[in-house]
Amino acid sequence: EMTAKGKDQALIVGGESGAGKTETTKIAMRYLAGVAGTGRAAGSGDGSRTGVGVEERILRVNPILESFGNAKTGRNDNSSRFGKLIDIDFNVDGAMLGARIRTYLLEKSRVVAPTDGERSYHVFYRLCAGATTDERAELSVPRDPLEFEYLAKSGVVDVDGVDDERECDVLRDALHAVGIDALAQREIFRVVAAVLWLGNVEFVD
């Protein structure tokens, strides 16, 4: 329909927590990227590599969205706590031209008050585990997430089978892959650390 008649297409992924929305979305994105890669190759009759990497960059957004929008819950160790609308643009041959997130709705209350037995967003724990020496010096980020009031409230730090330090490296690689350089990443992690430290501020009369 899209390539033959030029009609926009929509895919809605929904369901309760633990239903598999996150994994289904990733599978769908990989499929679209694969089909788009075929379209790009078919559309470049001279075998040129014009636009190569666009599909991969779009896929690499997933670890970023999961780090900042997923958390361990009572039902799911990697539960998406956000809703999003992603627009993906294709050319007439079906090759991906780019993508943008038009709507992003986050469960903000989890930042300050994660439920008992659950975690806040993955990125907070990944920064604690994977901060560089320079980042620890500049941001005063401890290795133990329990030193932050926001993260200590629920009593849960670790997720079975998940290495937060390694996942922090995956996040950095993904940020780099989509064009966010080291300086911009530094500013992002400064904001993440600032949010955590704000939770340790105490007000007195």
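The values are calculated or read from the model by the stated rules, or taken from the named source; none is laboratory data. The structure displayed is predicted, hence computed values, not measured ones. Glycine also receives a Cβ, built like all others from the backbone with ideal geometry; neighbour counts cover every protein chain displayed. For the accessible areas, the whole protein counts, side chains as well, though only heavy atoms, and no ligand, DNA or RNA atoms are used. Shrake-Rupley method; radii C 1.70, N 1.55, O 1.52, S 1.80 Å.
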Inset, instruction - Write out, first by first residue and then by second, each pair whose Cβ atoms fall under 7 Å of each other, whose residues are 6+ apart or on separate chains, and whose first residue, in the stretch 178-205, is more than 27 Å from residue 59 (Cβ to Cβ) and in contact (Cβ under 8 Å) with a residue 60 or more places away in the chain while the second is open to solvent by 80 Å² or more (accessible area, probe 1.4 Å) and not in a loop (DSSP other than H, G, I, E, B). - result: 199/149
Legend entry - residue 103 being under 16 Å from residue 164 (Cα atoms) and surrounded by fewer than 18 Cβ atoms within 10 Å (Cβ to Cβ): no
Inset, instruction - For residue 98, indicate whether it is within 22 Å of residue 179 (Cα to Cα), modelled with pLDDT under 90 and more than 15 Å from the chain's Cα centre (by Cα). - result: yes
Legend entry - Selection count where residues are over 30 Å from residue 73 (Cβ atoms) and at pLDDT below 80, scope the stretch 6-34: 0
Inset, instruction - Would you tally the residues in the stretch 139-155 being modelled with pLDDT under 95 and buried (at least 19 other Cβ atoms within 10 Å of the Cβ)? - result: 0
Legend entry - Test: residue 109 is open to solvent by 20 Å² or more (accessible area, probe 1.4 Å) and of a type in the set (S, T, N, Q): yes
Inset, instruction - Please identify the pairs in which a residue from the stretch 134-151 that is within 21 Å of residue 119 (Cβ to Cβ) has its Cβ atom under 8 Å from the Cβ atom of a residue that is open to solvent by 70 Å² or more (accessible area, probe 1.4 Å) and among the hydrophobic types (A, V, I, L, M, F, W, C), counting only partners at least 6 apart or on another chain. - result: 148/197
Inset, instruction - Check the stretch 69-88 and report whether any residue there is modelled with pLDDT under 85 and over 27 Å from residue 113 (Cβ atoms). - result: no
